[in-house]
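Written below as structure tokens is the structure these notes are about.
The values are calculated or read from the model by the stated rules, or taken from the named source; none is laboratory data. Treat the numbers as computed from the prediction; the structure is a model and nothing was measured. Positions of Cβ are generated from backbone atoms using ideal geometry, with glycine treated the same way; all protein chains shown enter the neighbour counts.
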Amino acid sequence: MATQGYLLIDKPKNLTSHDVINILRKITGVKKIGHAGTLDPNATGLLIIGIGREFTKKLGYFASQVSKEYEAEIILGETRDTFDAEGAVIRVNSLVPSLDQIKLVLEKKIGRQKQIPPKFSAIKIQGRKAYELARKGESFMLKPKDVVVHSIDLLDYNYPKLKLLLKVSSGTYIRSLANDVGDMLSCGAYLNELRRTKIGKYSVCEADKLENIKPENWQRFVRLEI
């Protein structure tokens, strides 16, 4: 059975992507393991894992070159400093946008654009992670990134909850997009739940649950090609 290759994992909530790597290192006994794109601890969904040097080298393609799909639940009426449910409330607004207003704003968010990443993110500022600086209250600016929002499908709207299906380029922060939508609607918004459903052509429906992978069976889940 293969001792190197890929795993498709459905990441559970309350684990960082690096937590998943550490768990898999203990299960497999392999040190050289990586993933193709971080998910926040609160997020769930598809992680592509590379096991062994040959396969971790190939992860850059999935991390930076392919589009990704997410299901997102956004809460309107509040602005939070982290742009997600973990953050402190900055502002509360009782304005209730209409469905037509929301559709118009979502339409404006489709396409190539500059996006400012959240200050509470792992982006490095002179060798230090942005979220470490933000937690200390230090002042800094993050450069806008070029991203592409390929599509946004409105799945449901029942104020204050707005549920979307988004297809975006690698490097797009759904938290930032949620915050932008709140600003454009003049009511504020934050990302409450996030699930990555696809990376390129690979779906979370093909992924394995982390709890099913054991020291005695992990090799059965390894894929030599994806």
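Among residues of region 125-149 being among the hydrophobic types (A, V, I, L, M, F, W, C) and either more than 20 Å from the chain's Cα centre (by Cα) or in a helix (DSSP H, G or I) (or both), the one that is surrounded by the fewest Cβ atoms within 10 Å (Cβ to Cβ) is Met141.
Can you report the number of residues in region 13-47 which are under 19 Å from Pro215 (Cα atoms) and either touching a strand residue (DSSP E or B) at 6+ places or on another chain (Cβ under 7 Å) or modelled with pLDDT under 90 (or both)? Lay out the reasoning, then the answer.
Narrowing region 13-47 to residues under 19 Å from Pro215 (Cα atoms): 18-34.
Those left that are additionally either touching a strand residue (DSSP E or B) at 6+ places or on another chain (Cβ under 7 Å) or modelled with pLDDT under 90 (or both): 20-21, 24-25, 28, 30, 33-34.
Matching residues across region 13-47 total 8.
Filter region 95-107 down to the residues that are in contact with a strand residue (DSSP E or B) (Cβ under 7 Å, 6 or more places away or on another chain) and either farther than 23 Å from Val148 by Cα or assigned by TED's automatic domain parsing to the domain that holds Gly45 (or both), then identify the one that is surrounded by the fewest Cβ atoms within 10 Å (Cβ to Cβ). Don't jump to the end; show me each part of the working.
Taking region 95-107 and keeping what is in contact with a strand residue (DSSP E or B) (Cβ under 7 Å, 6 or more places away or on another chain), we get 97, 99, 102-103, 106.
Still in the running and either farther than 23 Å from Val148 by Cα or assigned by TED's automatic domain parsing to the domain that holds Gly45 (or both): 97, 99.
Numbers: Pro97: 23, Leu99: 11.
Among those that are in contact with a strand residue (DSSP E or B) (Cβ under 7 Å, 6 or more places away or on another chain) and either farther than 23 Å from Val148 by Cα or assigned by TED's automatic domain parsing to the domain that holds Gly45 (or both), it is Leu99.
Scanning region 172-212 for residues that are polar (S, T, N, Q) and in contact with a strand residue (DSSP E or B) (Cβ under 7 Å, 6 or more places away or on another chain) returns Thr172, Ser176, Asn179, Asn192, Thr197, Ser203.
Region 1-88 holds helices (runs of 4 or more DSSP H) entirely within its bounds, and those carrying 2 or more residues that are touching a residue at least 60 places away in the same chain (Cβ under 8 Å) and surrounded by fewer than 21 Cβ atoms within 10 Å (Cβ to Cβ) map to 17-28, 59-64. Any residue at all in region 105-120 that's small (Gly, Ala, Ser) and at negative phi? Taking every residue of region 105-120 in turn, none turns out to be small (Gly, Ala, Ser) and at negative phi.
Being β-branched (Val, Ile, Thr), touching an Asp or Glu at 6+ places or on another chain (Cβ under 8 Å) and surrounded by fewer than 13 Cβ atoms within 10 Å (Cβ to Cβ) is the requirement here; does Val92 meet it? So that I can check it myself, show each step before the final result.
Numbers: β-branched (Val, Ile, Thr): yes; touching an Asp or Glu at 6+ places or on another chain (Cβ under 8 Å): yes; surrounded by fewer than 13 Cβ atoms within 10 Å (Cβ to Cβ): yes.
Here the answer is yes, as Val92 does meet what is asked.
With the condition kept exactly as written, say whether any residue in region 47-64 is touching a helix residue (DSSP H, G or I) at 6+ places or on another chain (Cβ under 9 Å) and within 24 Å of Lys145 (Cα to Cα). Steps first, please.
Of the residues in region 47-64, the ones touching a helix residue (DSSP H, G or I) at 6+ places or on another chain (Cβ under 9 Å) are 47-51.
When the remaining residues are screened for being within 24 Å of Lys145 (Cα to Cα), the result is 47-48.
Yes, there is a match, as at least one residue in region 47-64 is touching a helix residue (DSSP H, G or I) at 6+ places or on another chain (Cβ under 9 Å) and within 24 Å of Lys145 (Cα to Cα).
Could you tell me whether Ser203 is surrounded by 12 or more Cβ atoms within 10 Å (Cβ to Cβ), of a type in the set (S, T, N, Q) and over 13 Å from the mean Cα position of the chain (by Cα)? First the steps, then the outcome.
Values: surrounded by 12 or more Cβ atoms within 10 Å (Cβ to Cβ): yes; of a type in the set (S, T, N, Q): yes; over 13 Å from the mean Cα position of the chain (by Cα): yes.
So Ser203 fits the description; yes.
Here is a check on your reading of the model: is Leu177 in a helix (DSSP H, G or I), out of contact with any His (no Cβ under 9 Å at 6 or more places or on another chain) and buried (at least 22 other Cβ atoms within 10 Å of the Cβ)? In short, yes.
Going through (1) touching a residue at least 40 places away in the same chain (Cβ under 8 Å); (2) part of a helix (DSSP H, G or I) one by one, Ile152 falls short only on (2). When Leu162 is tested against (1) touching a helix residue (DSSP H, G or I) at 6+ places or on another chain (Cβ under 7 Å); (2) under 18 Å from Ser17 (Cβ atoms); (3) at pLDDT 95 or above, only condition (2) is not met.
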